[in-house]
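Structure first, then comments.
What follows is calculated from the coordinates using simple rules that are stated; it is not laboratory data. Just so it is clear, the structure is predicted and the values come from calculations on it, not from any experiment. Reconstructed Cβ throughout: ideal geometry from the backbone, glycine too, with neighbour counts over all protein chains shown.
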Amino acid sequence: MNKYQATIFSTDSDIYTALQSNKVKLSDNSIREIAFNRGVLFSSNIERDTLIEKMSELPFSYSDVVSIQDKLATNTNHEIYSILRIYEGFDVNNLYEVVENVKLERNDKYREESITHSGGLGTYTIEVTYTEYDFRRGKFQQKKLNGGKISFIKSKNFTSVRFTQTKKITSILNDILYYYKAKVLDAINIQHIDLAHISDQKLRNMFAKHLYDFDNRFTLDGFNYFGLEKVRLSRIKTIFEDDTDELNSPPSDLSSDYDGDEEDESSQGMITKSEENKKDEHNRVFRLNNASYDGHSLVDAKQIEELCDEGFYRSFIRWKSRVTLLSNKPIVTFEIGFEDKHFCREIKIRILHKQFSYSGDDKEKIEPHEFDIIIKSLEDRIFNANDLIIEELAKHTSTPIKTLKKEPEAEE
């Protein structure tokens, strides 16, 4: 209902504000075009402020208001990706009927969603566009146009799935995989990057260290370490811990790197030892859950190592590597983190830009064909790191360790 209140109950003041504050999307000619479609002509000599004032005084129907809202809609460019792999007989040639059925089932519930799909030799691509509304913004700027894609790429021993990391696209992918398992082949094995069952900080930290590879031990994949720019540490949480742990409580400020409780000074006078222990347990000064560092010499920074020894791991890193797979061997900046940072699952990947100089003053956008080359090699490094951690974990246990995998759930 809020979506319709944002447009139906718009006053002339709302329209005036919308037209006045968006000179880029609504030029003088665009405003005159809106007026012309209403059957009103304004002289070209009228200044913008006067033109907007006269326009806002006109009666506007619902369709007129929606047309302005569409012109002011924000195009959101999502550049965060995620990956997984599928084994055991998955065939991209069976995806057409699967995706068609998922589209049909989602159509009634998600009318603001458009899914197109097509296949190629050993590949299948699903393009998704959808509309969301941000009610925290002005009435005419609440509409957000989003998009992304899901790519299935067949390799010799597995199928790579690379997709834009948003809740909407993830839910579509989960529906596709759920339907495939239910109607085509139940025996497929889906591998996510998920270290939520690992509590050892050394094993958790192996993941990030393997990715930026300070010692250049894994350069055969085409990445040579150039610099580590930012590290976020998060307190380790596992699926085996008590669900009542405070990390499960909703964060009060998502922009903050740590959460804590303020000290309670209300208790005064004589108390028993038992009461004092309870008070101290309940009223800790703070509990550090996340810490971020940026700058130089982060690879072996003392503060980072000390926190890692206390049960933290590198849940986010930004680093640079020289990519020898590309012509001119540019320096590329990467970011990798996790949506669920304490549990270390739902990986998020960004390939930001390339540069050729040390200073980075010549930053350039990554071209699509370059992105495809980079993400393929980066995916190999990510899953190699994951496999190494699982192997090391198996060495420290008396029974073989089986990787826990999160099964896709159909969207209700």
_Some residue of the stretch 56-64 being under 30 Å from Lys181 (Cβ atoms) and of a type in the set (A, V, I, L, M)_ = no
*Would you be able to say whether some residue in the stretch 105-125 is at positive phi and surrounded by fewer than 16 Cβ atoms within 10 Å (Cβ to Cβ)?*
yes
*Restricting the search to the stretch 361-397, which residues are closer than 20 Å to Asp213 by Cβ and among the small types (Gly, Ala, Ser)?*
Ser377, Ala385
*Working carefully through the options Glu53, Glu113, Glu88, Glu33, find the one that is free of Cβ contacts under 8 Å to residues at least 60 places away in the same chain and closer than 30 Å to Asp372 by Cβ.*
Glu113
*Residues of the stretch 309-347 being closer than 30 Å to Arg287 by Cβ and surrounded by fewer than 18 Cβ atoms within 10 Å (Cβ to Cβ), which ones?*
Asp309, Glu310, Gly311, Glu335, Glu339, Asp340
*Counting only residues that are free of Cβ contacts under 8 Å to residues at least 60 places away in the same chain and either under 13 Å from Phe240 (Cα atoms) or surrounded by 17 or more Cβ atoms within 10 Å (Cβ to Cβ) (or both), how many does the stretch 186-203 have?*
1
